[in-house]
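As structure tokens, the structure follows; a few thoughts come after it.
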2 protein chains.
Amino acid sequence: MSVTAAQGFTAAGIAAGIKANGNPDLALVVNNGPRLAAAGVFTSNRVKAAPVHWSEQVLRGGTVSAVVLNSGGANACTGPKGFQDTHATAEKVAATLNDNALGGGEHNAGEIAVASTGLIGVLLPMDKLLPGIETAAAALSEDGGEAAAIAIKTTDTVHKTATVSQDGWTVGGMAKGAGMLAPGLATMLVVLTTDADVDAATLDEALRSATRTTFDRVDSDGCMSTNDTVLLLASGASGQVPARADFADTVRKVCDDLARQLIGDAEGASKDIRIEVVGAATEDDAVEVGRSIARNNLLKCAIHGEDPNWGRVLSAIGTTKAAFDPDRLNVAINGVWVCKNGSVGEDRDLVSMKDREVRITADLSTGGESAVIWANDLTAEYVHENSAYSS
Amino acid sequence: MSVTAAQGFTAAGIAAGIKANGNPDLALVVNNGPRLAAAGVFTSNRVKAAPVHWSEQVLRGGTVSAVVLNSGGANACTGPKGFQDTHATAEKVAATLNDNALGGGEHNAGEIAVASTGLIGVLLPMDKLLPGIETAAAALSEDGGEAAAIAIKTTDTVHKTATVSQDGWTVGGMAKGAGMLAPGLATMLVVLTTDADVDAATLDEALRSATRTTFDRVDSDGCMSTNDTVLLLASGASGQVPARADFADTVRKVCDDLARQLIGDAEGASKDIRIEVVGAATEDDAVEVGRSIARNNLLKCAIHGEDPNWGRVLSAIGTTKAAFDPDRLNVAINGVWVCKNGSVGEDRDLVSMKDREVRITADLSTGGESAVIWANDLTAEYVHENSAYSS
């Protein structure tokens, strides 16, 4: 159902020819109102792509009438020309929608968000992209959410959508991301839509709260992208005004669902690793420890080999600044406490690691805080996928 | 020449049966004086192996009469029993050397350093190790440096030694380490010896200064070990008292040589990557940026695929707190400035990456400081080596 599950939105996904292989590469999402409220969260990487610079500025106004997204090129590290191209893209979307019966109300470029994904350091083929916007606008429909989700794929093997409805209002969304997945944000493009009647401040609060414990806690390969963008648009078309807490909770559910799908489709992965850190003095400590475990290449290889190598978990914990006593650390792998009090625990032969999901619990034995980080194993396929091709 | 290149030292390397495959696994290095001065640098991992706890305590006294090292087991995360085993090992070395004509002067356990390497979380087979100490003591010789270097190998394909002599005095050493190589320190055991007549304070100053710019700037896989130990022992047997600066410079040269050998033999690596960060505001900034580049799995895969993917360099730089303006970043790969002013530079097709050594230069265009970090590419062989076997 994707971004058109909520009332008030149309979308399209088409092949503009940006990708050499002819696959869909351009998506358009239009908010037909009556509200045009929006919030956004962007990469914390200091090297930001042109569309991130652009969209951050657009989102400052709290109003977005449409989002245009392309795969096949990140438009990152492309200098002033790259930014001009993003600007021209937004102008073209506004002009095209204003000429189009399906375009909804009056659009202006300053309310058009732009997102790009693909290879860094290459200018977009504007001679393909700009005509593609006309094609996409002509294809806009209330059923276009799936096509849009497909058009933003890069190395994703499947497209990712999620929807939660309740009490007459809906939050739906689409996501892409399979590599360069690491917190702050994970590398991804995400567009969420809702027909709830909520203002930009409410959207912002719900989105930041949700991403903090979902997309920000996905770490496939420790590599942070230049293009991460998560947008939440509200049309108000349902006429329903949910309680703030209910709305935030629903947004979190959709984000959690999409984040989990990203990990499930990570490049070359054969295992999804759920790392739960418990007994931490603070949530920050739990997150720091969880990320350190998530990024340990040796552990990620061991998990791939179905080897419950808890020594690598401890060596990863030991690199953090979190509060703990090394002699009180406990580690369980798939429920077996293979490490107790910083030393040998239950028999590691009791651990079965046949399933795709592997659960690691690290108990710092210090306090009552916890956090969950999702990661993947490290495989020869990951190496192949990221060495054989530029991406 | 290894640890017996300097006068006043004997060494041995033997197979004690700690390794199941029967390969050499126990090394002994004895300082016959007249001086017994020593300095040590240890892992900054907060989860430290028993022998690290022991040897840190020994080194506080500034006197080491012998070093015993085993491969085949790290004795890390082994609880009180592991520490007792380390203590018993030192006691056995002291008693055996006191009974042995080649043992030099009077030994006591409090002056015996212990180092271990191998799998974390497994107790050492003391029934093999203790008799092995007698075998090693009986094999001590002034030519034993090579055998000692061979006995500390784990996944190393070659043993590593280095020697520099000048003005009648010598610094020599041996090193092991092929995986879990990351700063602070890289995962390694290193023993350096000298016959220069220098005190413990001079050794400490020279060793810390040398490791800071050599072993601490090697980053094979971002994984920090629990067992890193670098020791420097002085016998004074040459009777020569070098100038402090000359001595420090020579120690640095030997460390640099050994560090370079570690990178050259890193697990599964097909490329050695020399990352030089220039134009940094501070040396700390240069090191932070260098390490971030060194640990970027996507870049490491690209280098493996001989793909000059400078976008991944920029995305790694962007995750740091170093002072820079994204629009003034320059990146050269093997001398070709493929990124200029944060955007597309010279033609990437001009970059040849056929050689094993790949040089990346990242210019932050901010100040005059610089640093060099050495790293490796990420390969399917690394994944295989670290997933198929516990290590």
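The values are calculated or read from the model by the stated rules, or taken from the named source; none is laboratory data. Everything numeric here is computed off the predicted structure, so don't read it as measured data. Glycine gets a Cβ as well: all are built from the backbone with ideal geometry, and neighbour counts include every protein chain shown. Surface accessibility is based on the protein's heavy atoms, side chains included, excluding ligands, DNA and RNA. Shrake-Rupley method; radii C 1.70, N 1.55, O 1.52, S 1.80 Å.
When we screen A:273, A:263, A:303 for residues that are touching a Ser or Thr at 6+ places or on another chain (Cβ under 7 Å) and crowded, with 20+ Cβ neighbours inside 10 Å, the only hit is A:263. Note on segment B:119-132: among residues that are open to solvent by 20 Å² or more (accessible area, probe 1.4 Å) and modelled with pLDDT of 85 or more, the one that is farthest from the other protein chains (Cβ to nearest Cβ) is B:131. The single condition among (1) crowded, with 24+ Cβ neighbours inside 10 Å; (2) touching a residue at least 60 places away in the same chain (Cβ under 8 Å); (3) within 14 Å of chain B (Cβ to nearest Cβ) that residue A:296 does not meet is (2).
Quick grid of which residues meet (1) under 25 Å from residue A:297 (Cβ atoms); (2) among the aliphatic types (A, V, I, L, M):
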{"position": "B:314", "(1), (2)": "yes, yes"}
{"position": "B:319", "(1), (2)": "yes, no"}
{"position": "B:333", "(1), (2)": "yes, yes"}
{"position": "B:354", "(1), (2)": "no, no"}
{"position": "B:359", "(1), (2)": "yes, no"}
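In the set (1) touching a Leu at 6+ places or on another chain (Cβ under 9 Å); (2) at the interface with chain A (Cβ under 9 Å from one of its Cβ atoms); (3) surrounded by 24 or more Cβ atoms within 10 Å (Cβ to Cβ), the condition left unmet by residue B:344 is number (3).
Within segment B:16-39, not a single residue is open to solvent by 10 Å² or more (accessible area, probe 1.4 Å), free of Cβ contacts under 8 Å to residues at least 40 places away in the same chain, farther than 20 Å from residue B:72 by Cβ and basic (Lys, Arg).
So that you can scan it fast, the table gives a plain yes or no per residue for (1) modelled with pLDDT of 90 or more; (2) under 25 Å from the mean Cα position of the chain (by Cα); (3) within 14 Å of chain B (Cβ to nearest Cβ):
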{"position": "A:274", "(1), (2), (3)": "yes, yes, no"}
{"position": "A:279", "(1), (2), (3)": "yes, no, no"}
{"position": "A:300", "(1), (2), (3)": "no, yes, yes"}
{"position": "A:305", "(1), (2), (3)": "no, no, yes"}
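For segment B:71-94, the candidate set comprises residues that are at pLDDT below 95 and away from chain A (no Cβ under 14 Å); within that set, the residue that is most open to solvent (accessible area, probe 1.4 Å) is B:72. Out of A:232, A:207, I need the residue that is more than 14 Å from chain B (Cβ to nearest Cβ), touching a residue at least 40 places away in the same chain (Cβ under 8 Å), assigned to a strand (DSSP E or B) and not acidic (Asp, Glu). Which one? Residue meeting the stated conditions: A:232. Scanning segment B:311-323 for residues that are facing chain A (nearest Cβ under 8 Å) and among the hydrophobic types (A, V, I, L, M, F, W, C) yields B:314, B:316, B:317. Hey, could you check segment B:201-221 for residues that are out of contact with any helix residue (DSSP H, G or I) (no Cβ under 6 Å at 6 or more places or on another chain) and open to solvent by 30 Å² or more (accessible area, probe 1.4 Å) and say which is farthest from residue B:176 (Cα to Cα)? The extreme case among them is B:201.
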